[in-house]
Amino acid sequence: MIECFKIQLLSFDNEEEIFNIKKGKKIYGVDCLKPYFKANPTIIVADPFLFEYKGKLHLFYESKGLYTPGVLMKTSTSDLVHWSKPVVVLKEPFHLSYPWVFEEAGKVYMIPETGQDGSVRLYEATDESLCSFVFSHKLLEQPKNREIRMGYGDSSIYKKDGKYYLMTMLQYSEPVNVLELYVSDKLKGPYTVHPCSPITRSNKVGRDAGCWIEHQGKLLRVSQDCTYRYGDNVHVSEITKLSPTVYEEKILQESIIPTDVSFYKEGGHQFNVINFNGKWIVATDAKEYHRLIGTRILHKIKSKL
């Protein structure tokens, strides 16, 4: 079976309810396998990130074909009803996903997942349309002296008291998510290992599932549960202490993806939230599985010609 992902955006009137996904009203979605009968169907639309800029809400996300690496796309709206035609904003020879977009000193940046390149890379928007990003700096590079099973994944960055905290995930010799934390005085580095890093070695909470959330006076981190399968659900933790020398967190809520709802029945691995036009907008993704037998047979035939 082929693992596929799809995206759903939900609207909430009450901030208190944003982690109760069942109470949300669907306002937008992006389906995978559209069109279905295609030589290289889009099997993954995932990792949705929300970013408000110049009066518009922008949705950035990963789009991956069955036989091609992921690219990053964007659609936008000013009224939560009419959405622009999705466009590719970043493409590389290697796989891209997890497009965390943020503003710093009047510029818009993106830190996507670029683990296949063996690095954490920073990109900058070329103009105010946010329809194109260009490479700026490498923030981290994988250690050369250690076995790496999986390169940097789902990196998150947060600024507090003039310090930049960069969190990312690696798998070394074992299939276990190792959540690492780095700190710098400048966005573009250099970054040094935080004294509390690694934060955890865990397939339950060792990989971020979206941007850090400032919610009702608390700083929250969402993590994806990969204990049994990749991206089965999302947990919410509160970061209770964060400084250049200290990091502490505790789990607040587990399994916020409602797998008893048909859209999410196979689970999901992303949660992002933003306040826009007086509404709380939550972006999620969800898994589904398909055989795609005809597509795979056709691909084998073509590869032998």
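For segment 191-208, the set of residues classified as assigned to a loop (DSSP other than H, G, I, E, B) and open to solvent by 50 Å² or more (accessible area, probe 1.4 Å) consists of 195, 204, listed by residue number. Looking at (1) in a strand (DSSP E or B); (2) closer than 25 Å to residue 102 by Cα, find the lone condition where residue 269 falls short. Every condition holds for residue 269 apart from (1). With respect to the conditions (1) more than 23 Å from residue 285 (Cβ to Cβ); (2) under 20 Å from the mean Cα position of the chain (by Cα); (3) surrounded by 19 or more Cβ atoms within 10 Å (Cβ to Cβ), residue 224 lacks only one, and its number is (1).
Residues of segment 45-70 that are outside any strand (DSSP E or B) and among the polar types (S, T, N, Q): 68 alone. Working only within segment 227-244, note down all residues that are open to solvent by 10 Å² or more (accessible area, probe 1.4 Å), under 25 Å from residue 265 (Cα atoms) and part of a loop (DSSP other than H, G, I, E, B). Passing the criteria: 227, 228, 229, 230, 232.
For segment 164-190, the candidate set comprises residues that are part of a strand (DSSP E or B), free of Cβ contacts under 8 Å to residues at least 60 places away in the same chain and among the β-branched types (Val, Ile, Thr); within that set, the residue that is surrounded by the most Cβ atoms within 10 Å (Cβ to Cβ) is 168.
Tell me which residues, restricted to segment 252-293, are small (Gly, Ala, Ser), touching a residue at least 24 places away in the same chain (Cβ under 8 Å) and either surrounded by fewer than 18 Cβ atoms within 10 Å (Cβ to Cβ) or more than 23 Å from residue 219 (Cα to Cα) (or both). First the steps, then the outcome.
Residues of segment 252-293 that are small (Gly, Ala, Ser), as a first pass: 255, 262, 267-268, 278, 283, 286.
Restricting the remaining residues to those that are touching a residue at least 24 places away in the same chain (Cβ under 8 Å) gives 255, 267-268, 283, 286.
255, 267, 286 - these are the residues of segment 252-293 that are small (Gly, Ala, Ser), touching a residue at least 24 places away in the same chain (Cβ under 8 Å) and either surrounded by fewer than 18 Cβ atoms within 10 Å (Cβ to Cβ) or more than 23 Å from residue 219 (Cα to Cα) (or both).
Residue 57 meets the conditions (1) under 22 Å from residue 121 (Cα atoms); (2) open to solvent by less than 10 Å² (accessible area, probe 1.4 Å); (3) not charged (D, E, K, R) in every case but one. The failed one is (1). Only a single item in (1) on the phi < 0 side of the Ramachandran plot; (2) open to solvent by less than 70 Å² (accessible area, probe 1.4 Å) is not met by residue 302, and it is number (2).
The values are calculated or read from the model by the stated rules, or taken from the named source; none is laboratory data. Keep in mind the model is a prediction, meaning the values are calculated, not measured. Cβ atoms come from the backbone with ideal geometry, glycine included; neighbour counts cover every protein chain shown. We work out accessible area using only protein heavy atoms, side chains counted, and drop any ligands, DNA or RNA first. Shrake-Rupley method; radii C 1.70, N 1.55, O 1.52, S 1.80 Å.
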